[in-house]
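A quick write-up on the structure given underneath.
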Amino acid sequence: MDVQSDDSHARSLRLWLVRTGARGQRHLREFDRLGEDLKVIERDLARSALADDGVKRLMTIPGVDIVVALAMVAAMGEVTRFDEP
């Protein structure tokens, strides 16, 4: 999903929450807080990924971005547990 459609959905959700009154305001605050938390997590994951040679190597494969590379490394675990590459 592209960033523009994510932004469009977020804007629509925010407008709907504003229109719902006090209960919506509480949810809107939570929505904003979770968005900020997600930014911190994404930044930390990016730092970890770029410090990992395996992730960087996987990202040289066309179509493998940081998210896919991290998922692959998380699923495989330590490759040193295998006898041969």
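Below is a table of values for the structure above.
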| read-out | value |
| --- | --- |
| Dipole of the chain, positive direction: furthest Cα of GLY35, ALA46, VAL64, with charges on the beta-carbon | GLY35 |
| Theoretical ellipticity at 222 nm over the chain - DSSP helices of four or more residues, -39500 (n - 2.57) apiece, nearest 500 | -24500 deg cm²/dmol |
| Cβ-based exposure ranking for MET76, MET59, in which fewest neighbours within 10 Å come first | MET76, MET59 |
| Extension gain (nm, one decimal) between ARG11 and VAL67, 0.36 nm per residue minus Cα-Cα | 17.7 nm |
| Computed Rg/Rh of the chain, alpha carbon atoms with Kirkwood Rh | 1.18 |
| About the Cα centre, charge dipole magnitude for segment 1-41 (Lys/Arg +1, Asp/Glu -1 at Cβ), debye | 340 debye |
| Simple Cβ-charge dipole of the chain, Lys/Arg +1 and Asp/Glu -1, about Cα centre, in debye nearest 20 | 680 debye |
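No value in this document is a laboratory result; all are computed from the given coordinates. Only a predicted model underlies this, so the values are computations on that prediction, with no experimental measurement involved. Neighbour counts are summed over all protein chains in view; Cβ atoms, including those assigned to glycine, are modelled from backbone coordinates with ideal geometry.
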